[in-house]
1. Quick one: what pairs do we get from region 46-63, first residue β-branched (Val, Ile, Thr), second at pLDDT 95 or above and open to solvent by 10 Å² or more (accessible area, probe 1.4 Å), C-beta under 6 Å, 6+ apart or different chains?
2. Kindly indicate the residue of region 97-122 that is more than 15 Å from ILE163 (Cα to Cα) and surrounded by 13 or more Cβ atoms within 10 Å (Cβ to Cβ) and also modelled with the highest pLDDT among those meeting that condition.
3. Give me a count of the residues in region 187-207 that are among the charged types (D, E, K, R) and either in contact (Cβ under 8 Å) with a residue 12 or more places away in the chain or open to solvent by less than 50 Å² (accessible area, probe 1.4 Å) (or both).
4. Hey, which of the strands (runs of 3 or more DSSP E) in region 50-95, taking only ones fully inside, have at least 3 residues that are farther than 19 Å from SER107 by Cα and among the hydrophobic types (A, V, I, L, M, F, W, C)?
5. One residue is enough: does region 23-30 have a residue meeting the conditions modelled with pLDDT of 90 or more, surrounded by fewer than 19 Cβ atoms within 10 Å (Cβ to Cβ) and on the phi < 0 side of the Ramachandran plot?
6. Does LEU140 satisfy the condition of being surrounded by 16 or more Cβ atoms within 10 Å (Cβ to Cβ), under 17 Å from ASP127 (Cα atoms) and at pLDDT 95 or above?
7. Please enumerate the residues belonging to region 61-85 that are small (Gly, Ala, Ser) and either over 18 Å from LYS37 (Cα atoms) or modelled with pLDDT of 95 or more (or both).
Amino acid sequence: MRESFYDPTFPFYIGIHNHLPSVYNHDPQKHIRSFWKIFYVMEGSGKHLINNRVRPLHPGNICIVHPEDRTSLFIETDHLSLCNLCFKLGLLGETLKQLRSEYGFFSIFSSAYAGNPLSADALYLLDSDRTAVSILRRLLYEYEAERPNYREMIRALVVELLIHISRLYTTSFRKEKRLAAVRFIRSWIEEHYAETPDYAMFARRIGISQGHLCAIYKAVTGTTISDDLRKKRLEEACRALKNSSSSISEICYRSGFSDMSYFHKLFRSVTGTTPRLYRLSEKSGLHSDFSGKRDGLQ
């Protein structure tokens, strides 16, 4: 396979390489490069040491490496097979300036990004799909076959690959943001269940609109924030009725309820009994069917 990457008129290379632990694992030195690199894990597993982080590598991972990223490999299997794609931005001319993405993916190629590269492991180590693999195969074929106009085809395919990776990134970002939003809300409920929730504050902290926040929580958990908050408050009320001698009114307000009548009505609708009878049954060893358990987000 030819090494024409450093041809200034066509700064591009793609090839498949088998990396051995005997070569990499004894050398912890991290490398930097003068070009951009995209690699796809074909076989084997290991770890990608990038800047100050370590990320796992498994078949199907695809990663973009900034020229200023300091990287190395640690191989855990008998070999690690990668498809390496290397290029300089000059390959794409002015095309990159025209590309946009919802979460700023293409900003990594801007001059402002140089000198302050983000950890590519955190943003761009993604699970690829059939489309990405298909584009890489076409790039490899065009590069090796050198058919008429192959350079223009490669330029077009690199742009297509970058656009596709940006879409993978957007999907991954949305998924992680949804889970992060739910974890944040559930953490708040666990620690501040007796307080009045501030939905506007939740939305600001997570970086989404208030309406979107509620919709995400419902979509991920199958319930609403207010439903989970009420359930947590009832858990705490039941725990206090069982384990403390505080009055029922004290327990009501301490658990976050502001209305005794509503507390009694909700308590009975969920547990099938009143707070007083619940306390008596717990003291006598007769338990209600209310488990006080909520589904957790793994």
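The values are calculated or read from the model by the stated rules, or taken from the named source; none is laboratory data. Note that the structure is predicted; figures quoted are calculated from it, not measured. Using ideal geometry, Cβ is built from the backbone for each residue, glycine included, and neighbour counts are taken over all protein chains shown. We work out accessible area using only protein heavy atoms, side chains counted, and drop any ligands, DNA or RNA first. Shrake-Rupley method; radii C 1.70, N 1.55, O 1.52, S 1.80 Å.
1. Every condition considered, the pairs that remain are ILE62/TYR40.
2. Within region 97-122, the first condition is being more than 15 Å from ILE163 (Cα to Cα), and the residues that meet it are 110-122.
Checking which are surrounded by 13 or more Cβ atoms within 10 Å (Cβ to Cβ) leaves us with 113, 117-121.
On the way: TYR113: 57, PRO117: 43, LEU118: 44, SER119: 39, ALA120: 44, ASP121: 42.
Looking at residues that are more than 15 Å from ILE163 (Cα to Cα) and surrounded by 13 or more Cβ atoms within 10 Å (Cβ to Cβ), I get TYR113.
3. In the first step, residues of region 187-207 are kept if they are among the charged types (D, E, K, R); the result is 190-191, 195, 198, 204-205.
This time we only want the ones that are either in contact (Cβ under 8 Å) with a residue 12 or more places away in the chain or open to solvent by less than 50 Å² (accessible area, probe 1.4 Å) (or both), so: 190, 195, 205.
Looking only at that region, the number is 3.
4. Values: elements: 53-57, 61-65, 71-75, 80-87.
The strands (runs of 3 or more DSSP E) meeting that bar are 71-75, 80-87.
5. Residues of region 23-30 that are modelled with pLDDT of 90 or more, as a first pass: none.
No - not one qualifying residue is present in region 23-30.
6. Numbers: surrounded by 16 or more Cβ atoms within 10 Å (Cβ to Cβ): yes; under 17 Å from ASP127 (Cα atoms): no; at pLDDT 95 or above: yes.
Criteria not met by LEU140.
7. Taking region 61-85 first, the residues small (Gly, Ala, Ser) are 72, 81.
Result: SER81, single match.
This table checks each residue for (1) without any contact (Cβ under 8 Å) to a residue 12 or more places away in the chain; (2) of a type outside the set (S, T, N, Q); (3) surrounded by 18 or more Cβ atoms within 10 Å (Cβ to Cβ).
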{"position": "LEU229", "(1), (2), (3)": "no, yes, yes"}
{"position": "ALA237", "(1), (2), (3)": "no, yes, yes"}
{"position": "SER244", "(1), (2), (3)": "yes, no, no"}
{"position": "ARG254", "(1), (2), (3)": "no, yes, no"}
{"position": "LEU266", "(1), (2), (3)": "no, yes, no"}
{"position": "SER269", "(1), (2), (3)": "yes, no, no"}
{"position": "GLY272", "(1), (2), (3)": "no, yes, no"}
{"position": "LEU277", "(1), (2), (3)": "yes, yes, no"}
